[in-house]
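In what follows, a structure is listed as structure tokens, so that the remarks can point back to it.
Each value in this text was obtained by applying a stated rule to the coordinates, not by laboratory testing. Given the structure is predicted, the values throughout are model-derived calculations rather than measurements. Virtual Cβ from ideal backbone geometry, glycine too; neighbours counted across all protein chains shown.
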There are 2 protein chains.
Amino acid sequence: MASFKSMNREELTAVRNQLQAEYDAYKAKGLSLNMARGIPSKAQLELSMGLLDSVNSSTDLTGINGADYRNYGILDGIPEAKQLFADLFHVTTDEIIVGGNSSLTLMFDTISSAMAHGLLGSTPWASLPEVKFLCPVPGYDRHFAITEYFGIKMIPVPMDENGPAMDFIESAVASDPAIKGIWCVPKYSNPVGITYSDEVVRRFANLKPAAKDFRIFWDNAYCIHHLFHEDVQLLDILDECKKAGNPNMVYMYFSTSKITFPGAGLAGMASSKENITAIKKRMTVQSIGPDKINQLRHMKFFKNLDGLLEQMKKHADIIRPKFEAVDSTLTEQFADSDVATWSKPNGGYFVSLNVMDGCAKRTVQLCKEAGVTLTNAGATYPYGNDPHDSNIRIAPTSPTVEELTEAMKILAVSAKLAAADKLLSAGN
Amino acid sequence: MASFKSMNREELTAVRNQLQAEYDAYKAKGLSLNMARGIPSKAQLELSMGLLDSVNSSTDLTGINGADYRNYGILDGIPEAKQLFADLFHVTTDEIIVGGNSSLTLMFDTISSAMAHGLLGSTPWASLPEVKFLCPVPGYDRHFAITEYFGIKMIPVPMDENGPAMDFIESAVASDPAIKGIWCVPKYSNPVGITYSDEVVRRFANLKPAAKDFRIFWDNAYCIHHLFHEDVQLLDILDECKKAGNPNMVYMYFSTSKITFPGAGLAGMASSKENITAIKKRMTVQSIGPDKINQLRHMKFFKNLDGLLEQMKKHADIIRPKFEAVDSTLTEQFADSDVATWSKPNGGYFVSLNVMDGCAKRTVQLCKEAGVTLTNAGATYPYGNDPHDSNIRIAPTSPTVEELTEAMKILAVSAKLAAADKLLSAGN
């Protein structure tokens with residue numbers, strides 16, 4: 001079969017009718033599969049069951065500094081956990097906060113605090129006529145939800161395989177003091193799976209923002225979530241920012257949500273000492289400190305960074321076949337058409353699929369009607385607005401390989417059907 | 001020995017010099033005892049060690065609604081924990097959120113949200129020229145720290161054994177739309193230990209605030225922290241608010257910080273469905289939900305409200321002798337003077353001591369120099385400003401009875417020495 005776009009109307013109609021028959025057959029099966037969010041599978045959760053035994057009533061809950069972790073005290077994380085996060089971020093322990101169970105909350109709180117109180121003495125963002133954030137796209141819907149919630153105007157920035165469009169970013173932040181931040185998932189990005197090149201990281205570190213309180217929100221959620229037992233190197237941005245004389249320009253975030261148990265894991269952030277000191281000052285008002293026992297539980301389970309990395313290999317072994325199944329099924333299904341391209345990530349939690357322009361919403365809707373729930377079309381763009389209506393995020397980790405294969409077939413048929421209808425209605 | 005105030009200069013000087021000798025003798029002992037915060041003792045922490053075994057790798061972590069508590073999902077608490085908190089607050093489960101590990105954070109977030117977004121459609125507080133809170137005094141320093149952090153002007157309100165001065169409150173909130181809230185610890189209040197009378201609760205519920213977004217922050221931190229195995233009844237304020245046609249006027253808070261492990265416990269809040277729905281809407285942006293496994297851990301440990309109440313009896317048995325030691329030592333030490341009064345609470349975590357006007361700061365300083373660290377004088381007032389420089393908060397739970405007895409003697413000698421010096425310098 002040739003390319004959809006090169007078919008004449010008769011050929012395309014025949015293909016379309018065949019697709020409809022295939023789609024109807026899938027629909028008749030009455031499947032029910034939710035792939036809307038990137039969540040660990042049961043097999044992945046089983047990897048961490050030992051975490052539930054690592055602290056028990058016989059455990060000495062005295063910390064390395066003599067503190068009783070069962071009682072009040074310690075605002076920024078137990079020293080053991082701070083060391084682990086410091087090793088992970090390649091920073092010192094006074095550049096680390098190990099907080100509660102969610103890096104999303106740490107990000108929300110950073111922005112909430114900037115709105116109400118400003119950063120390091122700057123004007124509170126809420127007092128300014130306008131605040132803008134740059135948003136590399138496609139990106140993470142929960143980032144966009146935070147900035148939207150605070151009324152921050154979001155400006156999409158295109159990305160390629162090296163990262164966001166730096167020419168645009170450099171010029172925008174240098175000329176517009178209302179631009180106060182940018183959302184980045186620098187490694188195995190959500191959803192495209194790319195890792196920022198060294199040049200991109202260095203250009204980030206060397207930005208000359210008009211706003212002195214401009215911040216890079218560096219959500220390194222997937223920094224050790226390799227799929228192939230092989231790390232893709234990402235340059236240390238805090239190091240580069242220090243070299244460039246911009247030590248306070250970046251906040252880095254991480255959590256174990258997709259390593260142990262989502263909700264029962266640890267989240268942390270890293271930044272310059274000056275930023276961390278300011279954040280801890282707020283935390284004395286906001287918090288009695290994190291769950292130290294759960295931090296100890298994690299440290300006894302992992303021991304150190306090596307232990308954490310070992311666990312990641314086991315995760316990779318479980319989820320790699322799923323990513324492979326997605327890729328091979330999509331390759332097979334789209335072989336006879338020119339209506340889709342997709343990412344082949346080396347890590348992270350997602351595959352990014354681009355269907356024919358104007359077809360993402362319909363494709364997701366068709367999938368849903370056939371029992372396959374995907375992330376809403378548009379979710380990967382600020383305000384849910386994908387200008388091409390083309391991007392669909394695939395979250396392969398939770399279903400089985402068999403379910404995934406079935407789901408990808410349904411997705412492919414739906415995308416092709418939507419494309420054929422689009423072309424036919426456009427008068428092809 | 002007679003009253004200090006009725007002594008002549010010569011008598012008082014003799015007493016003063018004797019006190020100085022006593023004080024110097026204590027100081028020479030080189031004690032080191034920190035009583036600054038209300039924290040559980042080791043013996044109390046031991047009561048909850050079973051919590052660390054209640055969930056282990058053999059536990060089925062499937063919830064009553066079929067959810068896998070090891071994975072993402074559930075924003076407002078597991079149904080089991082919501083039921084416990086609903087039983088505790090006498091509300092329905094849709095009037096409950098069981099959040100993270102700290103009720104302080106829930107309070108901070110409520111106010112932060114009111115500042116940035118307003119409440120139920122009201123003008124964001126940060127956009128108003130002035131926002132004021134009423135602060136019954138003496139009160140809880142961490143409440144005052146939140147309102148101070150957000151630039152909210154705090155107005156002290158006197159209290160008596162029935163609660164805050166309701167005449168003043170009724171008139172103030174009715175006439176001043178800038179008054180948006182009031183901090184209350186309605187049961188075994190921090191630090192005085194009083195419980196609001198039924199009449200006070202009803203008058204709260206029937207307030208007619210000029211500000212439609214006026215809220216009562218009802219921090220029921222000590223609602224089951226009885227000292228004498230006997231509950232002091234507090235009227236249900238949400239019920240009363242509903243009867244009065246003010247269902248949205250109150251937020252109630254609670255945590256298990258002083259029941260299981262501070263930092264590793266559960267915190268929750270209760271309010272009208274409309275308020276809870278609004279808060280959950282914010283939480284979808286801010287949070288991936290609470291630690292469901294730790295919630296399950298608590299539920300398996302306590303089973304239900306009866307289990308929680310049984311645990312409280314054990315706490316009471318441990319801390320009651322300490323409160324009794326404080327009272328008997330203060331009674332003995334101040335028998336020969338007229339320079340101090342103190343509370344005799346039926347529950348909670350504190351004894352409130354009033355020394356002679358103008359003597360609290362000096363007393364706390366003298367204690368510190370003799371090795372006994374108390375809560376800073378003034379901390380129980382907004383901005384740390386006790387206009388009488390008289391109130392000192394005593395936190396008896398952590399030290400042993402022997403340590404407490406020694407500390408109370410030092411405190412008494414210090415208070416008397418400060419009083420004698422004050423009277424002498426005033427020319428008595």
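In chain A, a dipole from Cβ-located charges (positive for Lys and Arg, negative for Asp and Glu) runs towards its positive end, and of A:GLY77, A:THR373, A:PHE302 it is A:GLY77 whose Cα lies farthest in that direction. Normalising the average separation of contacting C-alpha pairs (under 8 angstrom, six or more residues apart) by the number of residues puts the relative contact order of chain B at 25 percent. Using the Karplus relation 6.51 cos²θ - 1.76 cosθ + 1.60 with θ = phi - 60°, the per-residue 3J(HN,Hα) values for region A:369-374 come to 5, 9, x, 10, 8, 10 Hz, with x marking Gly and Pro. Amide hydrogen proximity for A:LEU266: with H placed 1.01 Å from N in the peptide plane, the residues at 5 or more positions away or on another chain lying under 5 Å are A:THR256, A:SER257. By its C-alpha gyration tensor, with a ≥ b ≥ c as the square roots of the eigenvalues, how is region B:220-364 shaped: rounded for a/c under 1.5, else prolate for a/b larger than b/c, else oblate? It comes out prolate by the Cα gyration axes. Counted over chain B, the DSSP beta bridges are approximately 45% antiparallel.
Rounded to whole numbers, the Karplus 3J(HN,Hα) couplings from phi for region A:15-29 are 4, 4, 5, 5, 4, 4, 5, 4, 4, 4, 5, 4, 4, 5, 5 Hz, using 6.51 cos²θ - 1.76 cosθ + 1.60 with θ = phi - 60°, and x at Gly and Pro.
Based on alpha carbons, the Rg and Dmax found for the protein assembly as shown are 30.5, 118 Å.
Dipole of chain B computed with +1 at Lys/Arg Cβ and -1 at Asp/Glu Cβ about the Cα centre; of B:TYR140, B:SER425, B:LEU120, farthest Cα towards the positive end is B:LEU120.
DSSP beta bridges fully contained in the protein assembly as shown are about 45 percent antiparallel. For region B:34-41, 3J(HN,Hα) computed residue by residue from phi via the Karplus equation (6.51, -1.76, 1.60; θ = phi - 60°) reads 9, 10, 5, 10, x, 10, x, 7 Hz, glycine and proline entered as x. Note on region B:61-303: antiparallel DSSP beta bridges, both residues inside, total approximately 35 percent of the bridges counted. Average 1/r across all pairs of distinct alpha carbons in region B:61-303, invert it, and you get the Kirkwood radius: 18.3 Å.
If you take the Cα centroid of region A:363-428 and the Cα centroid of region A:80-122, the two points sit 36 Å apart.
Basic side chains Lys and Arg get +1 at the Cβ, acidic Asp and Glu get -1 at the Cβ, and with that the dipole of the protein assembly as shown about its Cα centre reaches some 640 debye. Once the Cβ-Cβ distance between A:LYS29 and A:GLU324 is put in as r, and R0 is 25 Å, what FRET efficiency do you end up with, to the nearest 0.05? About 0.55, to the nearest 0.05.
Helical runs assigned H by DSSP (4 residues or longer) give chain A a calculated mean residue ellipticity at 222 nm of -13000 deg cm²/dmol, each run adding -39500 (n - 2.57) before division by the residue total. A full extension of the chain between A:LYS281 and A:LYS313 corresponds to an added length of 7.8 nm, given 0.36 nm per residue minus the alpha carbon distance.
Taking amide H as placed 1.01 Å from N in the peptide plane, the amide H of B:VAL250 sits under 5 Å from that of B:ILE216, B:SER272, each at least 5 places away or on another chain. Comment: the Cα-to-Cβ extended label point of A:SER3, at 7 Å, lies 10.3 nm from its counterparts in the other copies, nearest first.
Here's how it looks for B:ILE179: its modeled amide H is under 5 Å from those of B:LYS132, which are all 5 or more places away or on a different chain. Label positions at A:ASN65 and A:TYR383, each projected 7 Å from the Cα along the C-beta direction, are separated by 4.7 nm. Packing here is the average count of other Cβ atoms within 10 Å per residue, and on that basis the peptides B:72-78, A:13-19, highest first, run B:72-78, A:13-19. As a rough footprinting exposure proxy, the listed residues B:GLU403, B:GLU95, B:GLU10 were ranked by other beta carbons within 10 Å of their own, and the order from fewest upward is B:GLU10, B:GLU403, B:GLU95. Among the listed pairs A:LYS212/A:LYS242; B:LYS27/B:LYS344; B:LYS243/B:LYS344; A:LYS258/B:LYS292, those whose Cα-Cα separation exceeds 25 Å are B:LYS27/B:LYS344; B:LYS243/B:LYS344. Does chain B come out rounded, prolate or oblate, given a ≥ b ≥ c as the square roots of the eigenvalues of its C-alpha gyration tensor, rounded meaning a/c under 1.5 and, failing that, prolate meaning a/b above b/c? Oblate shape, in that a/c is at least 1.5 and b/c is the bigger or equal ratio.
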